[in-house]
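Okay, so here's the structure we're looking at.
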Amino acid sequence: MSCTNNISSEDEEVAEEGYADGTYCAEVEYHNPNTGTENTYTLEVEVESNQVTQINWNNGGWLDEDHFTPAELDAEGKCSFSSDRGYDYTIEIIGEHCNNLDSEGQYTKLNLPKYPFEEAAAMYNMTQEEINDCNIFSEGDVLSENDMITLQNEIKSIRQYLAALHGYDQGYEQEIADIKQSQNKLQSEIKNGYIQSIRKSGINQVLVITKNGVNYELEVRGSDKCTMGTAQFNENTYEWQMVYIKQYPDVEKYSGHYMRIIDSGF
């Protein structure tokens, strides 16, 4: 079928000069050389700079230039390309609009085209792990690559499965982010002051605290007793100062002790 038989004479002139940016109706031939699967669909495609940059599937998904190199349309409105998964596509522009697509009910029509499971998986950019875990039959069987599925039933299940899985992933990612934030906070506290040792000097304690890679020796005033942990102090003064010690990394509780620096840089 030639595109010039389906568009106006005005559009023929446009096609000769290159297609203007916009959405067009096209026949899309799909071929998987690995399995021999072939299908032909009537779909809308996006055109920019006379190149096909996106195929819009009837289920609301799409295949865009993240997965194939935009292909130049010839004077007949045709082009071909292979996706990053090795699937071959041939596009032929047949008009400005796909009149056979019902914009309100295109996702629920009973006569929707069937798709191989591998193609439906590609629509949703499913990973191999997601494909392996996708049990969408009631008896729990996993779809094989050549099983044909429709938009009305199994693809809806895939969408629900992915939504649940991605929701779990987001929760897991947030948990990991929280752990990393806690780890970074602890590392910052250790860097800004960590008690390396405590020893007795008469009735007093003497602490060795490392701050930003420098060791400081501090004397604790009186008979006050300190614990190990992180410490906050001013390294720029040798006067008595309040030093705050945090004994447990996961408990926001501090004890305060008067100390003074008696040595540093060792």
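Where strands (runs of 3 or more DSSP E) fall wholly inside the stretch 168-266, the ranges with 1 or more residues that are in contact (Cβ under 8 Å) with a residue 24 or more places away in the chain and aromatic (Phe, Trp, Tyr) are 194-201, 214-220, 254-264. Scan the stretch 71-79 and tell me whether some residue there is in contact with a helix residue (DSSP H, G or I) (Cβ under 8 Å, 6 or more places away or on another chain), buried (at least 20 other Cβ atoms within 10 Å of the Cβ) and small (Gly, Ala, Ser). Looking through the stretch 71-79, at least one residue is in contact with a helix residue (DSSP H, G or I) (Cβ under 8 Å, 6 or more places away or on another chain), buried (at least 20 other Cβ atoms within 10 Å of the Cβ) and small (Gly, Ala, Ser). The set of residues in the stretch 31-53 being closer than 15 Å to Glu92 by Cα and either outside any strand (DSSP E or B) or not assigned by TED's automatic domain parsing to the domain that holds Ile91 (or both) consists of Asn50 alone. Filtering the stretch 54-74 to residues that are modelled with pLDDT of 85 or more and either acidic (Asp, Glu) or part of a loop (DSSP other than H, G, I, E, B) (or both) leaves Asp64, Glu65, Asp66, His67, Phe68, Thr69, Pro70, Glu72, Leu73, Asp74.
Table: residues versus (1) part of a loop (DSSP other than H, G, I, E, B); (2) under 23 Å from Thr37 (Cα atoms); (3) modelled with pLDDT under 65.
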residue: Arg85; (1), (2), (3): yes, yes, no
residue: Thr90; (1), (2), (3): no, yes, no
residue: Ile94; (1), (2), (3): no, no, no
residue: Ser103; (1), (2), (3): yes, no, yes
residue: Gln106; (1), (2), (3): yes, no, yes
residue: Lys109; (1), (2), (3): yes, no, yes
residue: Leu112; (1), (2), (3): yes, yes, yes
residue: Tyr115; (1), (2), (3): no, yes, yes
residue: Glu129; (1), (2), (3): no, yes, no
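The values are calculated or read from the model by the stated rules, or taken from the named source; none is laboratory data. In this text, all values refer to a predicted model and were calculated from it rather than measured experimentally. Virtual Cβ from ideal backbone geometry, glycine too; neighbours counted across all protein chains shown.
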